[in-house]
Amino acid sequence: MEQNFQNPQIFDLEIPDFNDLKLTAVSPKYLQIILLNISLFSLLLIGAVSVGFYFFYFNLSKPQVWAIMIGIFLLIIFLFLNSLVGFKFRKYAVREK
């Protein structure tokens with residue numbers, strides 16, 4: 001099976017101007033994959049923090065526990081919002097078809 005893929009060496013002066021490229025938007029279905037990945041990461045993070053609380057709860061004061069919980073909550077909210085807002089800016093260009 002012969003492939004016709006070519007990847008020739010390019011030099012600095014041959015690189016096209018990024019502003020002149022025609023960018024293609026990412027498929028909207030990819031947002032579901034991004035959100036699934038963030039959800040899985042969030043569940044893993046919540047699980048790890050829960051295990052940590054189970055073992056170290058009596059060594060922490062109430063303000064420390066609240067600070068950790070609020071910090072984790074804000075991190076998860078930031079990740080979701082960052083992905084949702086930034087998704088419309090995700091685009092790509094193909095060098096050779």
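Every number here is computed from the coordinates shown, using simple stated rules; none is lab data. Predicted, not measured: the structure shown is a model, and the values here were computed from it. Every residue, glycine among them, receives a Cβ derived from its backbone with ideal geometry; neighbour counts consider all protein chains shown.
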message = Given R₀ = 25 Å, what would the calculated FRET efficiency be for residue 18 paired with residue 40, taking r from the Cβ atoms and rounding to 0.05?
response = 0.15
query = Excluding same-chain residues fewer than 8 positions from residue 91, which lysines have a Cα within less than 21 Å of its Cα?
reply = 22, 29
query = What number comes out for the charge environment of residue 31, summing +1 per Lys or Arg and -1 per Asp or Glu over other residues with Cβ under 11 Å away?
reply = +3
inquiry  = Tell me which of 27, 44, 93 sits at the most positive position along the dipole axis of the chain, charges placed on C-beta atoms (Lys, Arg +1; Asp, Glu -1).
reply    = 44
request  = Using the Karplus curve 6.51 cos²θ - 1.76 cosθ + 1.60 with θ = phi - 60°, work out ³J(HN,Hα) for each residue of region 27-34 in order, rounded to whole Hz, and write x for Gly and Pro.
outcome  = 4, x, 5, 5, 4, 4, 5, 4
query = Assigning unit charges at the beta carbon (Lys, Arg +1; Asp, Glu -1) and nothing else, what dipole magnitude in debye, to the nearest 20, does the chain show about its Cα centre?
reply = 540 debye
task = For the chain, set up a Gaussian network in which alpha carbons nearer than 10 Å are linked by springs, and say which option among 43, 81, 13 fluctuates the most.
result = 13
ask   = If only Cα atoms are counted, what is the Rg of region 25-92, and what is its Dmax, in Å?
value = 15.7, 50
task = Going by C-beta contacts inside 10 Å, put 80, 55, 5 in order with the fewest on the left.
result = 5, 55, 80
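Once you have the Cα-Cα distance between residue 93 and residue 53, take 0.36 nm times their residue separation minus that, and quote the gain in nm to one decimal. If you can, show how the numbers build up before the last one.
Working: separation 40, 0.36 × 40 = 14.40 nm, distance 4.60 nm.
Full-extension gain reported as 9.8 nm.
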note = Site residue 81, offset 7 angstrom along Cα→Cβ, radius 18 Å on amide nitrogen, limited to region 37-67, gives 38-39, 42
